[in-house]
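Reading through the C-alpha cells given below for one structure.
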Amino acid sequence: MNRNYFAHETAVIDSDCNIGDGTKIWHFSHIMSNCTLGKGCNLGQNVVVSPNVVLGNNVKVQNNVSIYTGVICEDDVFLGPSMVFTNIVNPRSAVIRKSEYQQTLVKKGASIGANATIICGNTIGKYALIGAGAVVTKEVLPYALVVGNPSKQIGWVSEYGHRLHFDTTGFAVCKESKQQYRLSDGLVKRIA
C-alpha cells in the first residue's frame, strides 16, 4: 500500500486500498476495502468511503459524507458537508440487495452542496453545481445549476461556479475567469 498520504490516527483504512500521493484523511473517517482515492484528495472528519468506491485526483470531501459502493467521482469533484449518495432505489432492512447496487457517476469538476442527496443510477455532468439540500433524482447536464426537492435546473454555471448569462446568440463569459461558453441545442460547451 502506498504510504505517501496522511491519515489521522483515528482514521480506519481497510486492506487493499489504493491511496494517492498527498491525500489527507482526517478524524474518525473510515476507508473500506478495495477503494481507490486519487492524488491530492482531502477527506474531512467522519467520512465513510464504502468498498470499491473510486475517487479521482483532487477530490474534496467535507465532513460527515457517506460515499457508498457504486459511486465514482472523477477529478476535481467537491462533495459538501453532510451530503449523501444512495446505491439502492428501494432499500429494505430485511431484504438483501447488494447485487442490485446502482452506479452513480460524478463527472470532472462537479460540486455537490451541503446536505444534498444523490439518488443512485444517475450521472452528474462535468462542472455541474448541485445546490445545498437538493435531492437529485435524474441525470444532471454538464454545467447545469440545479436546486430543490426534487431538484430542477434553474440555470448554467461556469467552470469557476459562477452563473452564466447567455445573450441572444447563445454566448456567455464567466465573470471571474473570462472563459467563454456557448449554449446550443440545450447544452453548454466551453469555447475559449
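Counting only residues that are among the aliphatic types (A, V, I, L, M) and part of a strand (DSSP E or B), segment 29-42 holds 2 of them. Checking the structure you have, find out if any residue of segment 43-58 is closer than 19 Å to Asn115 by Cβ, among the small types (Gly, Ala, Ser) and in a strand (DSSP E or B). Within segment 43-58, not a single residue is closer than 19 Å to Asn115 by Cβ, among the small types (Gly, Ala, Ser) and in a strand (DSSP E or B). Number of residues in segment 1-24 that are part of a loop (DSSP other than H, G, I, E, B), charged (D, E, K, R) and at negative phi equals 4. Considering (1) in a loop (DSSP other than H, G, I, E, B); (2) within 20 Å of Lys138 (Cβ to Cβ); (3) of a type in the set (A, V, I, L, M), the lone condition that Ile72 does not fulfil carries the number (1). Specify the residue that is farthest from Gly109 (Cα to Cα); the eligible residues are those in segment 154-168 that are more than 17 Å from the chain's Cα centre (by Cα) and surrounded by 13 or more Cβ atoms within 10 Å (Cβ to Cβ). By that ranking, first place goes to Phe166.
Going by the structure shown, is Phe78 surrounded by fewer than 17 Cβ atoms within 10 Å (Cβ to Cβ) and not polar (S, T, N, Q)? Against the criterion (surrounded by fewer than 17 Cβ atoms within 10 Å (Cβ to Cβ) and not polar (S, T, N, Q)), Phe78 does not qualify. The set of residues in segment 93-113 being in contact (Cβ under 8 Å) with a residue 40 or more places away in the chain and surrounded by fewer than 18 Cβ atoms within 10 Å (Cβ to Cβ) consists of Lys108 alone. In segment 41-71, the qualifying residues are those that are closer than 15 Å to Ala7 by Cα and either without any contact (Cβ under 8 Å) to a residue 12 or more places away in the chain or among the aliphatic types (A, V, I, L, M) (or both), and the one that is surrounded by the fewest Cβ atoms within 10 Å (Cβ to Cβ) is Val48. A search for C-beta distances below 7 Å between a residue of segment 164-191 that is over 17 Å from Gln153 (Cα atoms) and any residue that is among the small types (Gly, Ala, Ser) and not in a loop (DSSP other than H, G, I, E, B), counting only pairs 6+ apart in sequence or on different chains, returns Gly170/Ser184; Tyr181/Ala172. Every residue in segment 130-143 that is surrounded by fewer than 19 Cβ atoms within 10 Å (Cβ to Cβ) and outside any loop (DSSP other than H, G, I, E, B), please. The answer is Val135, and nothing else.
Every read-out reported here was derived from the displayed coordinates using simple, explicitly stated rules and does not represent laboratory data. Values in this document were obtained by computation on a predicted structure and should not be read as measured data. Because the Cβ atoms are built from the backbone with ideal geometry, glycine has one as well, and the counts that use them run over all protein chains shown.
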